[in-house]
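The values are calculated or read from the model by the stated rules, or taken from the named source; none is laboratory data. Since the model is a prediction, treat every value here as computed from it, not as a measurement. With ideal geometry, Cβ positions are generated from the backbone for all residues, glycine too; neighbour counts draw on all protein chains shown. Areas reflect the complete protein model, heavy atoms only, side chains present, ligands, DNA and RNA absent. Shrake-Rupley method; radii C 1.70, N 1.55, O 1.52, S 1.80 Å.
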Amino acid sequence: MQNNEVESFSGNVIGDISTSDYSNIQNIESNNTYIENQYNLNGNIVALPYEDFITESYDINKLEDASFMEIKVRNKTDTAWGDKVAVNVGDQIEFQIEYKNTSDYDQMDVFIFDTLPENTEYVKGSLKLYDINHPSGENINPDDFFSDKGINVGNFKPDANVFIFFTIEITDLGLTDGIRTLKNETRYQVGTEEKTISKDHAYTIAHGWGPERPTYVNEHPADHPVFNSITDNIVLGDERNFVRIVELQEDENKEKNTYVDSLEIEPGKRYGVFIYYHNNAASKYNNAENDYTGVAWNVRISSGFPESMVKGEKGTVFGRITSTNTDPESVWDSAQIIAKEDVTLHFVLCSAKIHNNWGASDSVLSTYLFSNEGTFIGLDKLNGMIFGCYEYSGFITYTIEVESASNI
């Protein structure tokens, strides 16, 4: 199975912002000094005395070009910012929001809000504000920013502006293949007046594996922790294809079916999901002599499937392995299911188990398996620690029950 390539779009390049980009503002002596460069980051000006501010209530919708807001986006693997982007499940995308006072009036207490798109998860610690007072970035409370409360980004003289950055991860589980629309909605408020800026961004639900990553073979495993990247596994073949599905037989005397990448599902039957894991680091990196650099930490597996499907619809059973010290930190794969008729799908309670040659084998896994965060796996205990080499590999299984949608 090959990785699904997606097109990457980009628009006008704004460029990365780093401390070096702000070297020209180190000697600013006054809050009334304006920076004339491509960033023009002179927002968050110290408030003027109230009597110096226009006291009448004004409607920014009636003020011509009173405010400017622009949203840019990029895949974290890209360097250029653009107006739209194409990504796969598991990818991280970064947003750049610029707000600027384009009126002739001082604007007091500008608030900015954002609504996280559906099927995404905020990446902790990524929300930062850049302005003249914070040229290296200032962390923002996401609880305020992604709510109706919003954050007060300060007071703005004409032409003053501010940048906000944050990263989200695409977390769709069990959706059908194809293109989806990711809508980012950002609002700003000046005084009592509020405006909403919405922008659509395309992303892809792809049947296959990801992300693109270096691969290894049995004779030459990795020198660092990495999951499911060996292409000649003696049992599985290409480990990047690590999610499989099978129709379970009710009659134990019947020959068992084979796990496959794609099958048709129908009411009244149960299906078993198989997710394989293997830390490809060579065993020599598991010991103290090599500072245990082959051990993967905080290893979790997450999965998902559609709750319902209509006749002829194609869906995916999704599996993802994450770790805090692997490269890449997350790998994913999916198997395809096709509905024979209108159906609903249900997880069979307590059916999720881990299988390996260690003490934790046959342990029932938490239903966190079906969350974005996932559930810990392990060797003797479910503590998230997996050593490198075949002897520490294993797999998890769980059961899906399919019912006719007419039974709802």
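Applying the criterion of being aromatic (F, W, Y) and open to solvent by 30 Å² or more (accessible area, probe 1.4 Å) to the residues of the range 391-407, the residue that is farthest from the chain's Cα centre (by Cα) is Y392. Counting only residues that are touching a Leu at 6+ places or on another chain (Cβ under 6 Å) and among the aliphatic types (A, V, I, L, M), which one in the range 104-147 is surrounded by the fewest Cβ atoms within 10 Å (Cβ to Cβ)? Per the stated criteria, the residue is I140.
Against the condition basic (K, R), within 27 Å of A222 (Cα to Cα) and out of contact with any Ser or Thr (no Cβ under 7 Å at 6 or more places or on another chain), how does K340 come out, does it pass? When the stated conditions are applied, K340 does not pass them.
Looking only at residues of the range 348-362 that are among the hydrophobic types (A, V, I, L, M, F, W, C) and either without any contact (Cβ under 8 Å) to a residue 24 or more places away in the chain or touching a Gly at 6+ places or on another chain (Cβ under 7 Å) (or both), we find that the one that is most open to solvent (accessible area, probe 1.4 Å) is L349. Output the residues belonging to the range 211-254 that are buried (at least 23 other Cβ atoms within 10 Å of the Cβ), part of a strand (DSSP E or B) and among the aromatic types (F, W, Y). Matches in the range 211-254: F227 only.
Summed over the range 328-362, the residues that are part of a loop (DSSP other than H, G, I, E, B) and within 16 Å of the chain's Cα centre (by Cα) give a count of 2.
Checking each residue in the range 263-290 for being more than 23 Å from N218 (Cα to Cα), of a type outside the set (A, V, I, L, M) and either open to solvent by less than 50 Å² (accessible area, probe 1.4 Å) or assigned to a loop (DSSP other than H, G, I, E, B) (or both) picks out E266, P267, G268, K269, Y271, G272.
Please enumerate the residues belonging to the range 368-380 that are within 17 Å of V317 (Cα to Cα), of a type outside the set (S, T, N, Q) and surrounded by 13 or more Cβ atoms within 10 Å (Cβ to Cβ). Matches in the range 368-380: Y368, L369, F370, G374.
Residue count for the range 313-334 satisfying the condition of being farther than 30 Å from Y292 by Cβ and either open to solvent by 50 Å² or more (accessible area, probe 1.4 Å) or in contact with a Pro (Cβ under 6 Å, 6 or more places away or on another chain) (or both): 3.
For the range 130-168, the set of residues classified as closer than 24 Å to N75 by Cα, touching a helix residue (DSSP H, G or I) at 6+ places or on another chain (Cβ under 9 Å) and not aliphatic (A, V, I, L, M) consists of Y130, P135, S136, G137, F166, listed by residue number. Restricting L345, L365 to residues that are buried (at least 17 other Cβ atoms within 10 Å of the Cβ) and either of a type in the set (S, T, Y) or within 23 Å of S406 (Cα to Cα) (or both) narrows the list to L345. Total residues in the range 296-320 satisfying the condition of being in contact with a strand residue (DSSP E or B) (Cβ under 7 Å, 6 or more places away or on another chain) and at pLDDT 95 or above: the figure is 4.
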